[in-house]
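The values are calculated or read from the model by the stated rules, or taken from the named source; none is laboratory data. Note that this is a predicted model, so its numbers are computed, not measured. Glycine gets a Cβ as well: all are built from the backbone with ideal geometry, and neighbour counts include every protein chain shown. For accessibility, only protein heavy atoms count, side chains too; no ligands or nucleic acids. Shrake-Rupley method; radii C 1.70, N 1.55, O 1.52, S 1.80 Å.
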Amino acid sequence: MNMKRIQLSLLALALACMAVAQAPQAIKYQSVVRDNAGVELTNQNVGFRISVLQGSSSGPVVYAETHTISTNAFGLANFNIGTGNVLSGDFNTIDWGADTYFFKVDLDATGGTNYQFIGTSQALSV
């Protein structure tokens, strides 16, 4: 009986250690990509440049990255901010609680690097 109790205690300790594991350092991003006429760009490569701005929607860039991905049959693009090709900064060192931050999004609808400004929005908790 004592051996079973020890085994259960060790199993509980191992599960508790796994439960304390850190969450991934990334933020999901999803967008429907459209052309200038409002038509969804389906099943094609598009390029995104994401910049994290500190303090305001025109603040300094503390992190920037790019993603080249393919849209689906509905023009939907999905990726994780923080896992792209890093241009500057370190996503893992951003102190999200120390200031307000904004995401600036630029797009190249042809999948290249000729980015056009799409918009900026404040990072808010869910």
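Model label sites at THR93 and ASN78, defined 7 Å from Cα along the beta-carbon direction, differ in position by 3.2 nm. Solvent-accessible area per residue in segment 41-105 equals 48 Å², computed with a 1.4 angstrom probe and all protein chains kept. Surface composition of segment 48-126: carbon plus sulfur atoms hold 51% of the accessible area, using a 1.4 angstrom probe and ignoring ligands, DNA and RNA.
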